[in-house]
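Below is one structure; the comments refer to it alone.
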Amino acid sequence: MAAERVSCALCFSYGDRNYMTYRVRSAEERRAEIQAQAAAMGIDDAFISSLVETFYARIRAHDRLGPIFAQAVDDWNDHLPKMKDFWSSVAMSTGRYSGKPVPAHQKLTGVAREDFSLWLGVFETTVRDLAPSPEVVPFFMKRAERIAESLKLAMFTLPSLKKSRQTEN
Ligand code: HEM
């Protein structure tokens, strides 16, 4: 795909030359870059599949997190392929996942902020155990931590802000 050349509000022409133009990468170029980066680290469908299978086997056996998942997940044959699609979209930009994680977590009961540290701990150990190369660990953890922060914001911070606004009025 040809690179787009886009003019900004500050661009101007002098003679036959354009000044202060900048190059914007297209979505396809960004996707191709992420895919090349993931492939160079050894991330592929087989790795994502074993990461998800191993992670949730550990989660299900976890003293604190196991019962939370047991209560909320009716069908693991549905949850595991969904989570493989999710991680392949996050790590390899495949676009296979099209769900809504925020409402899925907002409806959970009995989850505390601190549970996210436990979740991330199990996730990090699993990525470390299975990573095809050392760079895979920070690559996944950066993404998992960022998503965990936005889920915590939606589950705990925003509802308590809304409540305190309601009591003020
Ligand atoms: C304490 C932390 C967490 C708990 C207890 C938790 C629990 C759950 C449960 C029980 C479900 C299934 C909900 C359902 O099927 O109705 C779920 C779905 C999901 N979780 Fe989490 N989760 C946690 C953290 C995270 C994090 C950090 C991520 C991402 C990095 C994540 C990504 C997802 C995704 C993508 C789904 C599927 C949502 C959908 O499309 O239905 N979760 N989680």
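Every number in this text was worked out from the coordinates using simple rules, so none of it is lab data. Quantities reported herein were computed from a predicted structural model and do not represent experimental measurements. Reconstructed Cβ throughout: ideal geometry from the backbone, glycine too, with neighbour counts over all protein chains shown.
Things to note:
- Lysine pairs within the chain, Cα separation less than 29 Å, 8 or more sequence positions apart or different chains: 20
- With Cα atoms, 0 to 90° folded angle of helix 115-130 axis to the chain main axis: 70 degrees
- Dimensions of segment 42-168 based on its C-alpha atoms, expressed as ranges along the principal axes with the largest first, amount to 53, 26, 25 Å.
- Crossing angle, helix 45-60 versus the chain [Cα axis fit, 0-90 degrees, rounded to tens]: 30 degrees
- Dipole-positive endmost among Pro81, Tyr14, Ala39 within the chain (Cβ charges, Cα centre): Tyr14
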